[in-house]
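Each value in this text was obtained by applying a stated rule to the coordinates, not by laboratory testing. These figures come from a predicted structure and were not determined experimentally.
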Amino acid sequence: MKTRLGIFLATLLLGSAAHAVPISWTDWTAADAATATGTVEGLQVDFAGPQNPASQTNGGFNYWSINPEIYRGGDIDNGPEASSDIIRITNAATYTITFSEAVINPVMAILSQGRPTLPVRYFFDQAFDVVNSGAGAFGGNPGGSLFEEAGNVLLGIEGHGVIQFTGTFTEISWRTDPAEFWHGFQVGIAGVAAPVPEPGTLALLAAGLLSLALRRRRRG
């Protein structure tokens, strides 16, 4: 019940933010063959899953800087091109991103998912929307290279672009199939979810909203 109330209040507070908003992208600070860690808006971000070749956490070629417009659109105001950080994956495996606190409307920029002769699918455990896709650092169809399929599946055919999850999340998990060398991603957030008020605070808030509604009704 508290979780639902928290999501409702966060949505209520963000209701006026219907236009594009700045996205805070993760600053990845460390990575090895199986994990990576970083920060975003003061929160810790952990990634678990096999990485090959090594992910970039400090310099390297900036793949996001090639045709950066495909990594924005809809509610996404800016792509990840300000940094060259990228998590690089190869295996057909399960991958998980975990945030230390709940975040709002997280996004994933995706680079080179699949090839024209080897489509690759991401099987997510939550719904998402393809916001934009096209040609990027390794090519791809300018008219679209990432596609939504039934069952929260993302199909990439040399896929470059950005997807968004709507709501409040502490974790994003998916598996990939088949293996391919290689594809990468970066993750960002639209904001940090407001703390869930205690029951007493919720009661006071409800009373205040009821009082405001009654005043408006009387004036009408």
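Quick check: Cα centre of the range 80-110 to Cα centre of the range 24-38, how many Å? Their Cα centres are 9 Å away from one another. Computed over the range 79-207, the P(r) tail beyond 25 angstrom holds 28 percent of alpha carbon pairs.
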